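Worksheet: the structure to be examined is printed underneath.
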Amino acid sequence: MFEVKAMSKSVTIAGVKAEPGEKAHGAVAVPHLFADGQPMEIPFTIFNGAEEGPRLYIQVAQHPAETWGLEGVYNVLSALDPAELSGVVTFSLPNPVGFRFASYFPPRITHDINRVGSGDPDGSLMERIVHAWWVNFVEGRADYVVDIHGVPPATFVYYEAHGVSPGVPEEVAEKSERMALLYSCDFVLKQLEAYGGGSSFRGACVDHGIPAIVPEVAPDGAAVTERGIRNIMVDLGMIEGEIELPPVQHILNWTADRKAAVVACSVGGCYIPKVEIGDVVETGDVVGVMYSPRTFEEVETLRAHRDGYVSSIRNYPVKTAGEPVMSILEVLEIVENG
Ligand SMILES: [Zn+2]
């Protein structure tokens, strides 16, 4: 089909302007933040396509040290030519304080930075930082949001099912699911209940009708992240290319009750898994053994407590009684990609 694409318009963030077909760098200042009078500066990059199209916002490491998606994003953005782009890609390092030192600086920056929704300009340090993301990168500026975290043993993507955010059209959840699958991991976690009490940044995006995903990227996740971001941009018509997906993907059921997912040991000891991430097991299957590092006798056989997909295996084998050893999630759907 022949299509005439409209010319893009200039994009300005925090006084930094990118004309159509150009990229620009800058920093958003969160003013009056620190006792020494210094603002906090959030660095960002704009890729403004020569032609009009969707606006995609990507951020990595809102949680300190969750940086494993950065290399994949680098591989995409370092090669991205705005002259060949339709639409706008904006990227930021959203939490530079945490990024510099890989530290949460408790209690000021914690996981709660992902529990303040879209933030508050008059609130706490975390609320002010998140508000700066919201008004500069998201509100009226992004049609799709990719909020990259880490660091599980195998890369997967979170997204929200329709109905979790009240009053949001079903197409928002459909677009989020499409992006989640395009990220091209072997499995995705569909949130059938509100994550973090409904106050995550991703949740705030969906609440405002913006499709959004949270990839949780493993240390080996550069290639999948590169492929995933490219796939999403190809699918949205932002760049030319082929979509590459694994032959099979599993959609798993995430619920807020984490205990429901885990296989826990009933006695202390060391475990040896007998399954791998990605295995599909049935209730009662042997999934691991516990042994005593004192007697070198087996002290427990670990069995699957439900039918499902092994989505995580804890990587440190020394466990006290009652500790989680692995997670098994219910399979909602198996997606076959031609
Ligand atoms: Zn995180």
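Scanning the range 246-268 for residues that are in a strand (DSSP E or B), closer than 13 Å to Val325 by Cβ and of a type outside the set (Val, Ile, Thr) yields one hit, Ala264.
Just to check your reading of the model, which residue among Gly203, Gly228 is in the same structural domain as Leu189 (by TED's automatic domain parsing), part of a helix (DSSP H, G or I) and over 30 Å from Ala6 (Cα atoms)?
Being in the same structural domain as Leu189 (by TED's automatic domain parsing), part of a helix (DSSP H, G or I) and over 30 Å from Ala6 (Cα atoms) holds for just one of Gly203, Gly228, which is Gly203.
Looking at the range 181-189, is at least one residue over 18 Å from Asn231 (Cβ atoms) and surrounded by fewer than 23 Cβ atoms within 10 Å (Cβ to Cβ)? Checking the range 181-189: not a single residue is over 18 Å from Asn231 (Cβ atoms) and surrounded by fewer than 23 Cβ atoms within 10 Å (Cβ to Cβ). Evaluating Ala29 against the criteria (1) closer than 23 Å to Gly87 by Cβ; (2) in a strand (DSSP E or B); (3) in contact with an Asp or Glu (Cβ under 9 Å, 6 or more places away or on another chain) leaves one unmet condition, (1). Do any residues in the range 56-85 that are at positive phi have Cβ atoms under 8 Å from those of residues that are of a type in the set (Val, Ile, Thr), where the two are at least six apart or on different chains, and which pairs are they? Cβ pairs passing all conditions: Ala61/Thr67; Ala61/Ile148; Ala65/Val151. Looking at the structure I just gave you, is Gly203 at positive phi and within 16 Å of the ligand (Cβ to nearest atom)? Taking the combined requirement at face value, the residue does not satisfy it.
Does the range 265-274 contain any residue that is surrounded by 11 or more Cβ atoms within 10 Å (Cβ to Cβ) and within 30 Å of Arg227 (Cβ to Cβ)? Checking the range 265-274: at least one residue is surrounded by 11 or more Cβ atoms within 10 Å (Cβ to Cβ) and within 30 Å of Arg227 (Cβ to Cβ). Considered as a group, the residues in the range 298-322 that are outside any strand (DSSP E or B) and of a type in the set (A, V, I, L, M, F, W, C) include one that is farthest from the chain's Cα centre (by Cα), and that residue is Ala321.
Considering the range 182-194, the residues that are away from the ligand (no atom under 14 Å from the Cβ) and assigned to a strand (DSSP E or B) include one that is farthest from Ala256 (Cα to Cα), namely Phe187.
Number of residues in the range 43-71 that are over 12 Å from Val89 (Cβ atoms) and away from the ligand (no atom under 16 Å from the Cβ): the value is 5.
One residue is enough: does the range 97-110 have a residue meeting the conditions surrounded by fewer than 17 Cβ atoms within 10 Å (Cβ to Cβ), assigned by TED's automatic domain parsing to the domain that holds Pro219, more than 16 Å from the ligand (Cβ to nearest atom) and not in a loop (DSSP other than H, G, I, E, B)? There is at least one residue in the range 97-110 that is surrounded by fewer than 17 Cβ atoms within 10 Å (Cβ to Cβ), assigned by TED's automatic domain parsing to the domain that holds Pro219, more than 16 Å from the ligand (Cβ to nearest atom) and not in a loop (DSSP other than H, G, I, E, B). The single condition from (1) within 16 Å of the ligand (Cβ to nearest atom); (2) in a loop (DSSP other than H, G, I, E, B); (3) on the phi > 0 side of the Ramachandran plot that Gly197 fails is (2).
For the residues Val88, Val76, the requirement of being more than 16 Å from the ligand (Cβ to nearest atom), assigned to a helix (DSSP H, G or I), of a type in the set (Val, Ile, Thr) and buried (at least 19 other Cβ atoms within 10 Å of the Cβ) singles out Val76. The set of residues from the range 111-153 being in a loop (DSSP other than H, G, I, E, B), within 16 Å of the ligand (Cβ to nearest atom) and in contact with a strand residue (DSSP E or B) (Cβ under 7 Å, 6 or more places away or on another chain) comprises Gly150, Pro152, Pro153. Taking the conditions exactly as written (among the hydrophobic types (A, V, I, L, M, F, W, C), closer than 16 Å to Val130 by Cβ and either away from the ligand (no atom under 16 Å from the Cβ) or more than 24 Å from the chain's Cα centre (by Cα) (or both)), does Leu93 satisfy them or not? Spelling it out, it is not the case that Leu93 is among the hydrophobic types (A, V, I, L, M, F, W, C), closer than 16 Å to Val130 by Cβ and either away from the ligand (no atom under 16 Å from the Cβ) or more than 24 Å from the chain's Cα centre (by Cα) (or both).
Among residues of the range 9-26 being touching a Gly at 6+ places or on another chain (Cβ under 9 Å) and assigned to a loop (DSSP other than H, G, I, E, B), the one that is nearest to Trp134 (Cα to Cα) is Ala14.
The values are calculated or read from the model by the stated rules, or taken from the named source; none is laboratory data. All of these numbers come straight from a predicted model, not from anything done at the bench. Every residue, glycine as well, gets a Cβ built from its backbone with ideal geometry; the counts of neighbours run over all protein chains shown.
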